[in-house]
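Colleague: The structure follows.
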Amino acid sequence: MEKEKVMLPKFNVETYLKDGDAVVAKLKEVEAVADKVHDKGYENIFLLGMGGTYDELEPIQYIMNKYSEVEVHLANAAELNVLGNKRLKKGSVVITASASGDTKEIVEAVEWIVKEGIEVVAFTKPETPLGKLATTIITAPVTTGQCEYSYLMFDVLALRLLNRRNEFPKYEAFIAQTKNIFHDLVDIREKFDAKADEIAKAYALEPYSIFVGSGALWGETVLFSMCILEEMQWVRTRAVSSPDFFHGTLELVDKDVPVFLFKGEDECRKLDNRVEAFAKKFTDKLVVIDTAEYAIDGLDPEFRMIVSPMILTALVTERLASYYETYTKHNLAYRRYYRQFEY
C-alpha cells in the first residue's frame with residue numbers, strides 16, 4: 001500500500017530535491033579539495049564561523065575530535081579579529097563559509113589570514129568579497145538555503161580529510177549510504193509536520209523558552225534558538241547545553257516555563273536523559289525532539305551521530321520555524337536591526 005503523501009506548507013519538495021541532487025553531485029569536488037589540502041599538508045585546522053555559520057561548524061568540530069588526533073579549533077571570526085590565536089600559522093588550514101559572501105567579520109578575518117600565507121577554504125560564491133579573498137572556494141549549487149546542504153558538504157570535506165589520515169576508514173560507506181539523504185529528510189519532515197504545527201501552536205507565543213541540547217546537536221540547538229527564534233521571530237529564548245543546564249539554568253524552570261530538549265544519538269545522550277528526567281518533574285511544558293525517532297533506511301548506526309544535525313535542522317529550523325511564523329504572524333524574513341544599517 002502506497003504511503004499517503006503529506007502536504008508540507010511553505011516547502012517546495014521538488015525544488016528541495018533538485019537542489020539536493022545538485023549538492024550530492026558536488027561532493028566529488030568537495031572531496032577533491034580535501035585531497036588537495038591533505039596532499040599539501042597541514043599542522044592544524046581552524047573552523048572559522050560567525051553566527052549561524054559558527055553553529056553549523058560546531059558539529060564538524062565535534063565529529064573531527066571524535067575520530068581524529070588532529071588539532072581542530074572552532075573560531076568565532078569577531079573574536080579572532082581582536083584576539084588572534086598563536087596556533088593559527090602558516091601550517092594551518094582555515095575552513096569557513098558565508099552564503100552571502102560578505103559577512104563582515106569573516107571577510108575581515110580572511111583578509112589578514114590570507115596575507116599571512118595561510119590556506120583558506122571557503123564555501124561561498126566566487127564573485128563575493130569572501131570568494132575573492134579565499135585561496136580555494138566551493139560554491140553550493142543551490143537555490144534555497146537549507147542548512148542540511150551545508151552540513152553534508154562540511155561533513156564530506158572533514159571526513160575525507162580524516163579518511164586520508166587513516167582515521168575514518170568507512171568514508172566510502174558513508175558516502176554511499178547518504179546519497180539519498182535529502183529524500184529521507186523529506187520523509188522525516190512529513191512524519192514530523194503535524195507535531196511541528198502542534199508544538200508551535202502551543203508555544204510560539206510564550207514569553208520565554210529554554211532550549212537544551214548537547215554533543216553533535218549543540219550547534220543546531222543554538223542556531224535554532226538564536227538565529228531563528230531570536231533573530232527571525234523576536235522570541236525570547238535561552239540556549240543551554242545539557243551539561244551546563246544543572247549549573248544555573250535549572251533554577252529558572254517551573255511548571256509554566258517551556259523546556260525544549262533536542263536529544264541526540266552520541267555519547268552526550270546520557271546528559272540529555274538527565275535533563276529530561278529533571279524537566280519531567282518540574283515543568284508541565286516539556287518538549288522532547290529526539291532524532292533517534294526518525295529513521296534513515298540503510299544507514300549504519302555509527303553514522304547516525306554524523307547526520308543527526310541534518311535531521312534536527314529539517315525538523316526545527318525548517319518545519320517548526322515555518323509554523324512559528326504562522327502563529328506569531330511575524331515574517332521570518334523581517335528584521336529590525338540585522339543588516340538594516342551600519343552598527
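The values are calculated or read from the model by the stated rules, or taken from the named source; none is laboratory data. Small disclaimer: the values here were computed from a predicted structure and weren't measured. Quick reminder, even Gly has a Cβ in these numbers, built from the backbone with ideal geometry, and neighbours come from all protein chains shown. We work out accessible area using only protein heavy atoms, side chains counted, and drop any ligands, DNA or RNA first. Shrake-Rupley method; radii C 1.70, N 1.55, O 1.52, S 1.80 Å.
Colleague: In 5 Å bins starting at 0, how do the alpha-carbon pair distances of the stretch 47-126 split up by percent?
Modeller: In whole percents, the pair-distance histogram is 3, 15, 28, 28, 18, 8, 1.
Colleague: Show me the ranking of peptides 296-302, 47-53 by mean Cβ neighbours inside 10 Å, starting with the highest.
Modeller: 47-53, 296-302
Colleague: What trypsin sites (Lys or Arg not before Pro) in the stretch 294-343 are in a loop by DSSP, with at most 14 other Cβ atoms within 10 Å of the Cβ?
Modeller: When the trypsin sites (Lys or Arg not before Pro) of the stretch 294-343 are filtered for loop state and at most 14 Cβ neighbours within 10 Å, Lys329, Arg335, Arg336, Arg339 remain.
Colleague: Quick one, could you list the DSSP H helices from the chain stretching 18 Å or more along their long axis (Cα atoms) with average Kyte-Doolittle hydropathy of 0.0 or above?
Modeller: Helices passing the filter in the chain: 147-164.
Colleague: Rg/Rh for the stretch 137-183 to two decimals, with Rh computed the Kirkwood way over all alpha-carbon pairs.
Modeller: 1.01
Colleague: For Lys132, go through the lysines and keep the ones whose alpha-carbon is under 16 Å away, minus same-chain ones fewer than eight residues off.
Modeller: Candidates past the 8-residue exclusion: Lys104, Lys115.
Colleague: How large is the translational diffusion coefficient of the stretch 1-107 in µm² per second when you combine the Kirkwood radius over alpha carbon pairs with Stokes-Einstein at 20 °C and 1.002 mPa s?
Modeller: 129
Colleague: Report P(r) for the chain: all Cα-Cα distances, bin width 20 Å, range 0 to the bin holding the largest distance, values in whole percent.
Modeller: Bin by bin from 0 Å, the calculated values are 30, 60, 10, 0.
Colleague: Among the aspartates and glutamates, which fall within straight-line cross-link reach of Lys270, defined as a Cα-Cα distance under 18 Å, with same-chain neighbours fewer than 8 residues apart omitted?
Modeller: Correct list for Lys270: Asp244, Asp290, Glu293, Glu302.
Colleague: Before I look further, what does the stretch 196-272 give for accessible area per residue, probe 1.4 Å, in whole square angstrom?
Modeller: Value returned for the stretch 196-272: 40 Å² of accessible area per residue.
Colleague: Turning to a different aspect of this structure: Give the lysines reachable from Lys201 as a straight Cα distance under 28 Å; neighbours fewer than 8 places away on the same chain don't count.
Modeller: Lys3, Lys5, Lys10, Lys191, Lys255, Lys263, Lys280, Lys281, Lys285, Lys329
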